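Step one of this worksheet: look at the structure below.
What follows is calculated from the coordinates using simple rules that are stated; it is not laboratory data. Predicted model only: the values in this text are computed from it and were never measured. Glycine gets a Cβ as well: all are built from the backbone with ideal geometry, and neighbour counts include every protein chain shown.
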Amino acid sequence: MIGTVLRRLSMSIATTALVAASIVTGGSAAAAQPVASPQVAVQDVGVAASHRTWACTVPSGYTWSAVRANPNCGFRYEYFLLDAVNVNLTGLWACAIPSGYSYTASRQGTNCSASPGSSPYEYRLVRL
């Protein structure tokens, strides 16, 4: 029992360290710049506040740049959200290509593949 708990804790710490290191070296989500548009001011506060946060699901209009295990989420994973509608994500790495974007490069890594069978690829985004 204690061995299982310690193993899970060490895996969680290792995964968090890998995600943090990859984000720092690959173009962080913190570099995203808000888009100057009047729609931002009228955006629902609850949704706009989700940019650069962890969530158990990915809402419409968002993509994600990392995934990690979280037993409190229904599918046991949570996602680091990026707002693809109100924020220009050009130059950032993401796990999925949102509507209105394409990509200029791809790479294989561990940010996007927390569960067996999920894609290990990340995409460097460019707004169309």
* To do: Using amide H atoms built 1.01 Å from N in the peptide plane, name the residues 5+ places from W64, or on other chains, whose amide H lies under 5 Å from its own.
  => L82, C95, A96
* To do: Could you please report the charge total around W93, scoring K, R as +1 and D, E as -1 over all other residues with beta-carbon less than 15 angstrom from its beta-carbon?
  => +3
